[in-house]
Amino acid sequence: MVKNLKIFSSLNGLAANGVKCIIEDSTGCIWFGHYNGGISRFCNGKFEKAEFDSLLLTGDITSIAQVKKKIWFASSKDGAIRADFPIEDIKHIQGKHFLGGTDGLSPQVFGAIVNKAGEYICVTDVGTRKFIDSDNKF
């Protein structure tokens, strides 16, 4: 029996639309990926909505993953964005957008993992893609 269930919504600072994925980063903050590109973070007792400087995610956020000093946001139709971690100012996130072409990543990323070796691997509509750090591409 649940006695102390608390429900959070956009009224509490979450980005609009349902939650698609959730992770806890190495600092103890909890990240939420939403439908239609929304990203929220719960840190120090409050929710904040993420905003990217000049980068746009409109697809569902299918995965959020921390790999050492980077954090990845994968999307169902916009590839993935990698940003430096930790992120102090969630209202002005800057990062590198990996979206097809020479980056080697399909726009449709259905999920992603970080394996035991610390490698970032995406599941896409055209198979799995592993990020090659030394080449800065998939």
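Laboratory data are not the source of any read-out in this text; all were calculated from the coordinates shown. Just so you know, these numbers come straight off a predicted model, no measurement behind them. All Cβ positions, even for glycine, are placed from backbone atoms using ideal geometry, and neighbour counts span all protein chains on display.
The stretch 80-138: which trypsin sites (Lys or Arg not before Pro) are DSSP loop and have at most 15 other beta-carbon atoms within 10 angstrom? Counting only loop positions with at most 15 other Cβ atoms within 10 Å, the trypsin sites (Lys or Arg not before Pro) in the stretch 80-138 are Lys91, Lys116. Karplus-derived 3J(HN,Hα) values for the stretch 117-125, using 6.51 cos²θ - 1.76 cosθ + 1.60 with θ = phi - 60°, are 7, x, 8, 8, 10, 9, 9, 10, 5 Hz; glycine and proline are entered as x. Name the residue, out of Lys20, Lys68, Lys49, whose mean-square fluctuation peaks in a Gaussian network model built on the chain with Cα pairs under 10 Å. Fluctuation is largest for Lys68.
Among Thr102, Thr128, Thr58, the residue with the largest mean-square fluctuation in a Gaussian network model of the chain, with springs joining Cα atoms closer than 10 Å, is Thr102. Taking the Kirkwood radius as Rh and the Cα radius of gyration as Rg, the chain has a ratio of Rg/Rh equal to 0.98.
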